[in-house]
Amino acid sequence: MTKPSGMNIPHVVVVGGGFGGMSVVSALARTPARVTLIDRRNHHLFQPLLYEVATAALSPAQIAVPLRHVFRRQKNASVILGDVTSVELDMKTVVVDGEQVPFDYLVLATGSTHHYFGNDSWSTRAPGLKSIDDALEIRRRFLLTFERAERCSDPEERQRLLTTVIVGGGPTGIELAGTMSEVAKRVLQGEFRSLDPSCLQIVLAEGADRLLPALAPELSARAKTDLEKLGVDVRLKTLVTEIDERGVALESGERIGSANVVWAAGVCGAPVEGGLDAFLRDDKRLRVEPDLSLTGHPRVFAIGDLAYVESNGAPVPGLAPAALQMGKHVGKILAREIGRGASVESRTAFEYWDKGTLATIGRGKAVADIGRFKFGGVVAWLLWVFVHIAFLVGFRSRVMVLFEWGYAYITFRRGARLITGGKTAAAELDASSDIGKKRAADEPALSAST
């Protein structure tokens, strides 16, 4: 893929349409440059609300928006749907599905992925939550546990089906644990004839000595108390050593039978596979200079979860606000150098402004750590709602999410409880039910007699 004739203005390639990548593209709207955004998916995803899709509160379209729609009015921006498989720094090209795309400036914003700490085989048994596909799979497994349990006559197997284990006590883990508990105790009540959904047992396993280790200790304690009031079994200093189709094994030797395990214990960078090995850390993040460029390549940047950089003496966290700030910082650098001829030497170091951290636990329950202010409860929850609505891309998304939240708050109903993907729900149920097992056991005998 060569540069079109007559296009001699600088070409900026941005890989990744998350918070950081979109921020860079938007910052270059008035810059005399061609901007190409490349992503393997055609949409921007508001990841902080993925757990709402996984717990059947929201539909995927309510937290995602097509990238082409976002930049339809930005005339210097174009979008390529494709997978970047290699970066050729010396040639100043990226390889997209086998085709070369030249660049003058490159911004890598590919985000992060699940980190199983050397146990990648667990990924099929304990999905993480990073994409719409992940959220739909977690939702499918979560809702199927109740369907399977209702058809199960074995008390021990029914309890295993009604046990969900969430590994990791960070924001994603507590959001999933609290919300799943509320769904079982409030939303599903009265919908099953031979099953009490409130019998769902949720185990939240965290290896550290407290939940939400990035927040103040008093907020960690409050989150634990709130979860326990919702019926969640919070296990601290608990390490998972094995995950299989029957459940999880703990370092203590205990085994927890479970049909539904969710991974929320860690993430690592999701770099382009080829051409960047010299800059990779053990956590697959890219080491960058204070201005967010790669060492020796001042026109190549890494931002967001993919970049490892320190600010004010501490690593910049992998959060959406940090990615947005990084994107704006790189966007300003490019605008000055392309539009005003500024030199590389005039660049400033990236400084992260920590605006605080919010984590929701359930209906009317959240914690907030904002500078000197540390609080929880309804006020923190309302603040969480306001912030997340404000950062959603698109007026329609904001209105629809606000409506869904209001409807769910008043009625205790969730409108996205669809079991999709995988086998048909009926086929999966038949395979796991007592009737299905009996049929499978009888089939060899029937075959032998014919």
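Kindly provide the Kirkwood hydrodynamic radius of segment 289-350 in Å, to one decimal, from all pairs of distinct alpha carbon atoms. Kindly include the intermediate steps, with their values, before the conclusion.
Numbers: mean 1/r = 0.0838 Å⁻¹.
It works out to 11.9 Å.
State the antiparallel share, in %, of DSSP beta bridges confined to segment 195-346, rounding to the nearest 5. Kindly include the intermediate steps, with their values, before the conclusion.
Details: 12 of 17 bridges.
Given both bridge residues lie in segment 195-346, the antiparallel proportion sits at roughly 70 percent.
To check you understand DSSP bridge types, tell me what percent of the beta bridges within segment 132-283 (both residues inside) are antiparallel, rounded to 5. Mind dumping the intermediate values first?
Values: 7 of 19 bridges.
Percent antiparallel among DSSP bridges in segment 132-283 is about 35.
Would you please give the residues with an amide H less than 5 Å from that of residue 201, counting only those at least 5 places away or on a separate chain, with H modeled from the backbone geometry?
The list, which skips near neighbours in sequence, is 163, 164.
Over segment 270-366, calculate the relative contact order: mean separation of alpha carbon pairs under 8 Å at least 6 apart, over the residue count, as a percent.
On the way: 103 pairs, mean separation 21.1, N = 97.
Reported relative contact order: 22 percent.
Taking the beta-carbon count within 10 Å as an exposure proxy, list 120, 90 from fewest neighbours to most. Don't skip to the answer; put the middle values down first.
On the way: 120 10, 90 7.
Sorted ascending by nearby Cβ count, the order is 90, 120.
Run a plain Debye calculation on segment 217-288 (Cα atoms as equal point scatterers, no solvent) and give log10 I(q)/I(0) at q = 0.19, 0.23, 0.25 Å⁻¹, rounded to two decimals, same order as the q list.
-0.91, -1.02, -1.10
Please list, by residue number, every one of the trypsin sites (Lys or Arg not before Pro) in segment 194-258 that is coil in DSSP and has at most 14 other beta-carbon atoms within 10 Å. Don't skip to the end; give the middle numbers.
Numbers: sites: 210, 222, 224, 229, 235, 237, 246, 255; in loops: 210, 237, 246.
Taking segment 194-258 and a limit of 14 other Cβ atoms within 10 Å, the loop trypsin sites (Lys or Arg not before Pro) found are 237, 246.
Given contacts defined as C-alpha pairs under 8 Å and at least six residues apart, what's the relative contact order of segment 1-97, whole-number percent?
Over segment 1-97, the number comes to 26 percent.
Report the Cα centroid-to-centroid distance between segment 50-72 and segment 312-343 in angstrom, as an integer.
Each part's Cα centre sits 26 Å from the other's.
Name the shape class, rounded, prolate or oblate, that the alpha-carbon gyration tensor gives for segment 110-162, where a ≥ b ≥ c are the square roots of its eigenvalues, rounded holds for a/c under 1.5, and otherwise prolate holds if a/b is larger than b/c and oblate otherwise.
Values: a/c = 5.02, a/b = 2.01, b/c = 2.50.
It is oblate, given that a/c is not under 1.5 and a/b is not larger than b/c.
Enter the Cα centre distance for the pair segment 203-230 and segment 134-171, rounded to the nearest angstrom.
When both Cα centres are located, 22 Å separates them.
Going by a ≥ b ≥ c, the root eigenvalues of the Cα gyration tensor, does segment 30-184 fall in the rounded group (a/c under 1.5), the prolate group (a/b larger than b/c) or the oblate group? Before the final figure, lay out each step's value.
Working: a/c = 3.16, a/b = 2.18, b/c = 1.45.
Prolate, because a/c is 1.5 or more and a/b exceeds b/c.
Any idea what Rg and Dmax come out to for segment 18-112 if you just take the C-alpha atoms, in Å?
14.8, 47
DSSP loop trypsin sites (Lys or Arg not before Pro) in segment 319-375 with at most 10 other Cβ atoms within 10 Å of their Cβ, which ones? Numbers along the way, then the final one.
On the way: sites: 328, 332, 336, 340, 347, 355, 363, 365, 372, 374; in loops: 340, 347, 355, 363, 372.
Of the trypsin sites (Lys or Arg not before Pro), the ones in loops of segment 319-375 whose Cβ has at most 10 other Cβ atoms within 10 Å are 340, 372.
What is the Cα centroid distance between segment 4-43 and segment 242-272, reported in whole angstrom?
38 Å
Given an 8 Å cut-off on Cα distances and at least 6 residues of separation, report the relative contact order of the chain as a percent. Before the final figure, lay out each step's value.
Numbers: 860 pairs, mean separation 85.8, N = 450.
Once normalised by length, the contact order is 19 percent.
With only alpha-carbon pairs counted, each pair once and no self-pairs, how large is the Kirkwood hydrodynamic radius of segment 185-253 in angstroms?
On the way: mean 1/r = 0.0709 Å⁻¹.
Value: 14.1 Å, from the Cα pair sum.
Note the per residue figure in Å³ for the convex hull of the C-alpha positions in the chain. Provide the component values of the computation, followed by the final result.
On the way: hull volume 78.8 nm³, N = 450.
Taking the convex hull of the Cα positions in the chain, it is 175 Å³ per residue.
For a 28 Å ceiling on Cα separation, which of these pairs sit above it: 229/284; 75/284; 92/284? Don't skip to the end; give the middle numbers.
On the way: 229/284 38 Å; 75/284 34 Å; 92/284 22 Å.
Listed pairs above 28 Å: 229/284; 75/284.
How far, in nm, would the chain grow between residue 387 and residue 242 when pulled straight, counting 0.36 nm per residue and subtracting the alpha carbon separation? Can you show the working numbers first?
Working: separation 145, 0.36 × 145 = 52.20 nm, distance 3.76 nm.
Going from the current span to full extension adds 48.4 nm.
Helix check for the chain. Which DSSP H runs span at least 15 Å along their own axis by Cα, with a mean Kyte-Doolittle hydropathy no less than 0.5? List each step's numbers first, then the result.
Values: long enough: 132-150 (28 Å, -0.35); 171-182 (17 Å, 0.03); 217-229 (18 Å, -1.13); 320-339 (27 Å, 0.23); 378-391 (20 Å, 2.36); 395-411 (24 Å, 0.48); 434-449 (23 Å, -0.68).
Answer set is 378-391.
Using square roots of five times the C-alpha gyration tensor eigenvalues, list the equivalent-ellipsoid semi-axes of segment 253-305 in whole Å, biggest first.
On the way: eigenvalues 251, 22, 19 Å².
Result for segment 253-305: semi-axes of 35, 11, 10 Å.
Find how much the distance from residue 287 to residue 154 grows on full extension, using 0.36 nm per residue of separation minus their present alpha carbon separation; answer in nm with one decimal. Provide the component values of the computation, followed by the final result.
On the way: separation 133, 0.36 × 133 = 47.88 nm, distance 5.34 nm.
Length gained, residue 287 through residue 154: 42.5 nm.
Tally Lys and Arg at +1 and Asp and Glu at -1 over the other residues with C-beta under 10 Å from the C-beta of residue 319: what net charge comes out? Present the calculation step by step, with values, prior to reporting the outcome.
Values: positive: 355; negative: 305, 354.
Computed value for this residue: -1.
Between rounded, prolate and oblate, where does segment 240-332 land on the alpha carbon gyration tensor, with a ≥ b ≥ c its root eigenvalues, rounded for a/c under 1.5, else prolate if a/b exceeds b/c?
Details: a/c = 3.06, a/b = 2.44, b/c = 1.25.
Prolate, because a/c is 1.5 or more and a/b exceeds b/c.
Let's test the formula: R0 of 51 Å, r as the Cβ-Cβ distance of residue 218 and residue 340. What FRET efficiency results, to the nearest 0.05?
Numbers: r = 48 Å, r/R0 = 0.94.
Taking R0 as 51 Å, the efficiency between residue 218 and residue 340 is 0.60.
Would you kindly derive the ³J(HN,Hα) couplings of segment 81-94 from the backbone phi angles with the Karplus curve 6.51 cos²θ - 1.76 cosθ + 1.60 (θ = phi - 60°), listing them in order in whole Hz, with x for Gly and Pro?
8, x, 10, 7, 9, 7, 10, 9, 5, 5, 7, 6, 9, 10
Let me know the Kirkwood hydrodynamic radius for segment 156-203, please, with Cα pairs as the basis and the value in Å to one decimal. Walk me through the numbers before you get to the answer.
Values: mean 1/r = 0.0878 Å⁻¹.
Answer for segment 156-203: a Kirkwood hydrodynamic radius of 11.4 Å.
Read-outs: derived from the displayed coordinates by stated rules, not from any lab. These numbers come from a predicted model, not from an experiment. Neighbour counts are summed over all protein chains in view; Cβ atoms, including those assigned to glycine, are modelled from backbone coordinates with ideal geometry.
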